[in-house]
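The values are calculated or read from the model by the stated rules, or taken from the named source; none is laboratory data. None of these values were measured; they are calculated from a predicted model. Note: ideal-geometry Cβ built from the backbone for every residue, glycine included; neighbour counts use all protein chains shown. Side chains included, ligands, DNA and RNA excluded: accessible areas come from the protein's heavy atoms. Shrake-Rupley method; radii C 1.70, N 1.55, O 1.52, S 1.80 Å.
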Amino acid sequence: MKKRSLNPNFLRILVMVGPSALWLLLFLAVPLVYVVVMSFCTRGLYGGIQYQLSFASYRSIFSSLYLKVTWKSLLMAFETCVICLLISYPFSWFLSRVPKRHHGILMLLVILPFWVSALLRLNGWSNILRDSGIVNTLLIKTGIIKKPITMMYTDGAVLFGMVYCMVPFMILPLHTSISKLDHSLIEAAMDLGANRFRTFIRVILPATLPGIFAGTIQVFIPSLGAFFVADVMGGGNSVYLGNLIQNQFLVARNWPLGAAFSVLLIVFTLVMLRLYTRIGSLDDLA
Amino acid sequence: MSNGKVIAQLENITKDFDGVQILKPTNLSIYEGEFLTFLGPSGCGKTTTLRIIAGLETPTEGTVKLEGRDVTNLPPYKRNVNTVFQNYALFPNMNVFDNVAFGLVEKRLGKAEIREKVDAMLQLVQLGKMGKRKPNQLSGGQKQRVAIARALANDPKLLLLDEPLGALDLKLRKQMQLELKTLQKNLGITFVYVTHDQEEALTMSDRIIVMNNGRFEQIGTPREIYEHPQNKFVANFIGESNIFEASVVSETGAKGTLTLMMENGHVLAEGEGFKYDEIVYLCLRPENIEISTVSREGFTLKGFVRDHVYVGNIVKTVVELPNGKTVQVNRNPHGELITPGMLVNLFWDPKDAVVMHTREDYVYDAIEFAVLGK
């Protein structure tokens, strides 16, 4: 006998989960699979792809030139993290100590930049920093320097842009972690003979480690892929993973290679997320 | 008990917060080996005083001395004083062993020495096998013991305890009270203890400082505080009291015995240094008042029995005076039969009555009303 036993809640579940599942399937899973498939295909003559199995893209990833770009990107993301951390930690500490009434306005200042597109804000910086920009014009007019200082279109400018864009992503998790810190722990450490530095190392740092890791992940992952920062601040001079992928698709029209780099980026991201969940579970133990 | 040697001194200490003086000029000597308790309602400044001794708070004015040395501006990590915090403040990322070892590591002792010391401390607080546990795996009582062991491991000259038993349930609290007292006696370390629980203070202390509104109301042994409160606040705060207003009419023949005029009659009480016609407070513990159908010489106070409750070893009787005020009386259940509605005489042994000068600043009554609802 054939009897279909349907979960009575099936329809309800379908109604609730269905739309978002469909969305994720259409706009995340399918494109993702397509990118992975594409990375194993042969390059089409005028862009696009031919469905013919090839490992050429992956081979060229490991060519010395592209390895250099990958390394440079990882290094840049790492530097961005470190600088963001050095800026955000003291700031978050300060933020958790200010009186309640100032707290809101300071938080607003942290979040406010999100209201304007990062692209616009970076172009603003470009206007300020370029050779004929506000800073150089001012310095020349006042006679402090004769020739403009080249600030834009360097790796330094890219790093600056990265840090500028990413700092809020570091501040928010750090602030959560630091404001949860029980002040009596600091008093207890000092009471037991630890000076300020030792208290920081032995008590404050371990207690805020989850925030540091969360912030690092949230800065590191987008830093790897943010192509527009390298484009606007680095001009054509600086190639990073993000704008490399963009160039492969739009300029060089080597879609399989672009796809292969995308897969590489996804792998990096997954590794970082794995690390994060590991540390997240450590947090529960603490 | 103390050997009379001063270990810490507060000289003219005051503390202001946002322009409000929450600690009035305060002088105090703490003696070696004593169990000293700051007792008072919340917000009376007792915790602030403790934190000033610990160095966690800087006094606005005045000097803190430890063993004769001025430490007023020394940070807590340079004082040989340790604190047991109200919420324990155990380091969540460290296990019990590392928590107790914290101060020893800061002193840069050797590994073997630290292990020996920590093990001894854990043994002392009966947590010998708990060294590997994390604080969140401990019960409240166990956390408390770890906090005490962690502080004692540093051999402090002075152990400060800020309501350490406040978060424990009643039974555990009673047990820990006795344990703490035993520990203090055996170690001979000076304990400075903060509590708002009068029973806790009476049970454990060698000396009690009753605090209110940023000042010391009375300093004395538990017995002195209970039997001879110096003012209305102390009388009200410690135990149950009946407090009457009266005026001094005369001194009777016996030395020190006063005849006092109350609204509803005159009574006898012992006291010295009171002037004729002075308005005083008269304080009587419920267990010291007797009621009877027979009157007593020197007393003309009468009232109606309103209510009585049998609670085993005593009968709690409420007597209403003609002016409407009620008097709480605790009686022996085997005494004279007294039933509600009877007109009775109230009297007492003049020695048991405590006569107090009224404070000129009757702001006090308002504060008491706010704090105690009396």
Legend entry - Volume of the Cα convex hull of region B:189-252, divided per residue and given in Å³: 119
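Once you average over the residues of B:90-98, how many Cβ atoms of partner chains fall within 10 Å of each Cβ? List each step's numbers first, then the result.
Working: counts 4, 10, 7, 10, 4, 0, 0, 0, 1.
That average works out to 4.
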Legend entry - 10 Å Cβ neighbours from other chains, averaged over peptide B:142-155: 1
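Quick check for me: using +1 on Lys/Arg Cβ and -1 on Asp/Glu Cβ, what's the dipole size of chain A about its Cα centre, in debye to the nearest 20?
Values: 23 positive and 9 negative charges, 99 e Å.
For chain A, the charge dipole is close to 480 debye.
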Legend entry - region B:91-120 and region A:147-162: distance between their alpha carbon centers, rounded to Å: 51
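On average, how many beta carbons from a partner chain sit within 10 Å of the beta carbon of a residue in A:197-208? Write down the numbers at each step before the final one.
On the way: counts 0, 4, 2, 0, 0, 7, 6, 0, 1, 4, 3, 0.
Per residue, the number of nearby Cβ atoms from other chains is 2 on average.
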Inset, instruction - Could you pull out every one of the lysines with an alpha carbon less than 18 Å from that of B:Lys5, ignoring same-chain neighbours closer than 8 positions? - result: B:Lys65, B:Lys157, B:Lys185
Inset, instruction - Return one whole number: the accessible area per residue of region A:55-285 in Å², for a 1.4 Å probe. - result: 52
Inset, instruction - Report, as a whole number in µm² per second, the diffusion coefficient that Stokes-Einstein gives for region A:143-186 at 10 °C and 1.306 mPa s using the Kirkwood radius over alpha carbon pairs. - result: 115
Inset, instruction - Give the long-range amide H neighbours of B:Arg306: residues separated by 5 or more places, or on another chain, with amide H under 5 Å away, using H modelled in the peptide plane at 1.01 Å from N. - result: B:Val318, B:Val319, B:Glu320, B:Gly341
Legend entry - Estimated buried accessible area (total), pair B and A, 1.4 Å, Å² to nearest 100: 2000
Legend entry - Mean separation of Cα contacts under 8 Å, 6 or more apart, over the residue count of chain B: relative contact order %: 14
Legend entry - DSSP bridge pairs, chain B: antiparallel proportion in percent, nearest 5: 75
Legend entry - Estimated inter-spin distance, B:Lys129 and A:Ser64, nm [label 7 Å along Cα→Cβ]: 6.5
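Add -39500 (n - 2.57) for each DSSP H run of 4 or more in the protein assembly as shown, then divide by its residues: what number comes out at 222 nm, to the nearest 500 deg cm²/dmol? All intermediate terms of the calculation are to be shown ahead of the outcome.
On the way: 23 runs with 300 residues, N = 660.
So the calculated ellipticity at 222 nm is -14500 deg cm²/dmol.
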Inset, instruction - Run a plain Debye calculation on chain A (Cα atoms as equal point scatterers, no solvent) and give log10 I(q)/I(0) at q = 0.09 Å⁻¹, rounded to two decimals, same order as the q list. - result: -0.64
Legend entry - Per-q log10 I(q)/I(0), the protein assembly as shown, q = 0.08 Å⁻¹ (Debye; single scatterer per alpha-carbon; no solvent): -0.84
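Percent relative contact order of region A:136-259, based on C-alpha pairs within less than 8 angstrom and at least six residues apart? Please list the in-between numbers first.
Details: 110 pairs, mean separation 35.6, N = 124.
With pairs under 8 Å counted, the relative contact order is 29 percent.
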Inset, instruction - Using the charge dipole of the protein assembly as shown (Lys, Arg: +1 at Cβ; Asp, Glu: -1 at Cβ; taken about the Cα centre), state which of A:Gln246, A:Trp125, B:Met130 has its Cα farthest towards the positive end. - result: A:Gln246
Inset, instruction - Pull up the cross-link candidates among the aspartates and glutamates for A:Lys100, meaning alpha carbon to alpha carbon under 20 Å and not fewer than 8 places away within one chain. - result: A:Asp182, B:Asp18
Inset, instruction - Taking the Cα atoms of region A:1-144, report the difference between the largest and smallest coordinate on each principal axis, in whole Å and largest first. - result: 92, 54, 25
Inset, instruction - Using +1 at the Cβ of each Lys and Arg and -1 at the Cβ of each Asp and Glu in region A:137-221, identify which of A:Tyr164, A:Ile204, A:Leu185 lies farthest towards the dipole's positive end. - result: A:Tyr164
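Can you compute the FRET efficiency between B:Ile279 and B:Glu116 using 1/(1 + (r/R0)^6), with r the Cβ-Cβ distance and R0 = 56 Å? Round to the nearest 0.05.
Details: r = 64 Å, r/R0 = 1.15.
That pair, B:Ile279 with B:Glu116, gives E of 0.30.
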Legend entry - GNM result for chain A, Cα springs below 10 Å: residue of A:Pro31, A:Pro168, A:Pro19 fluctuating most strongly: A:Pro19
Inset, instruction - Provide Rg and Dmax in Å for region B:210-309, with only Cα atoms included in the calculation. - result: 15.0, 46
Legend entry - Between region A:23-38 and region B:257-275, the Cα center-to-center distance that results, in Å: 96
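Could you sort the peptides B:144-155, B:225-236, A:120-131 by per-residue average Cβ neighbour count (10 Å cutoff), highest mean leading?
Ranked from most to least packed, the peptides come out as B:144-155, B:225-236, A:120-131.
Give me the compactness ratio for region B:108-225, meaning the Cα radius of gyration over 2.2 N^0.38 Å. Each step should come with its number before you reach the end.
Numbers: Rg = 15.9 Å, N = 118, 2.2 N^0.38 = 13.5 Å.
Relative to the 2.2 N^0.38 Å estimate, region B:108-225 comes out at 1.18.
Students often check this: by mean Cβ neighbours within 10 Å, which of A:225-233, B:23-31 ranks highest, and how do the rest follow? Write down the numbers at each step before the final one.
Details: A:225-233: 22.6, B:23-31: 17.1.
The packing order, highest mean first, is A:225-233, B:23-31.
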Inset, instruction - May I ask you to list the GluC sites (Glu not before Pro) in region B:282-325 that are in a DSSP loop and have at most 16 other Cβ atoms within 10 Å of their Cβ? - result: B:Glu297
Legend entry - Cα pair distances exceeding 38 angstrom across chain B, given as percent: 32
Inset, instruction - Excluding residues fewer than 8 places away in the same chain, name every one of the aspartates and glutamates whose C-alpha is closer than 16 Å to that of B:Lys316. - result: B:Glu240, B:Glu287, B:Glu290, B:Asp307, B:Glu336
Inset, instruction - Give the carbon-plus-sulfur fraction of the accessible surface of region B:238-338 in %, rounded to a whole number; probe 1.4 Å, heavy atoms of protein chains only. - result: 50
Legend entry - Pairwise centroid distance, computed over Cα atoms, of region B:298-331 with region B:43-86, Å: 47
Legend entry - Rg and Dmax [Cα atoms of region B:6-69; Å; Rg one decimal, Dmax integer]: 11.6, 36
Inset, instruction - Return the distance in nm (one decimal) between the two label points of a simple spin-label model at B:Thr14 and A:Arg253, each offset 7 Å from Cα along Cα→Cβ. - result: 8.6
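Take every DSSP beta bridge whose two residues both sit in the protein assembly as shown, then give the antiparallel share in percent to the nearest 5.
Details: 62 of 81 bridges.
Roughly 75 percent of the beta bridges in the protein assembly as shown run antiparallel, per DSSP.
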Legend entry - Extension gain (nm, one decimal) between A:Val33 and A:Thr142, 0.36 nm per residue minus Cα-Cα: 33.4 nm
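Return the Rg/Rh ratio of region B:240-357 with Cα-based radii and a Kirkwood Rh.
On the way: Rg = 14.0 Å, Rh = 14.5 Å.
With Rg and the Kirkwood Rh in hand, the quotient comes to 0.97.
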Legend entry - Alpha carbon convex hull of region B:1-110, projected area averaged over orientations, nm²: 9.0
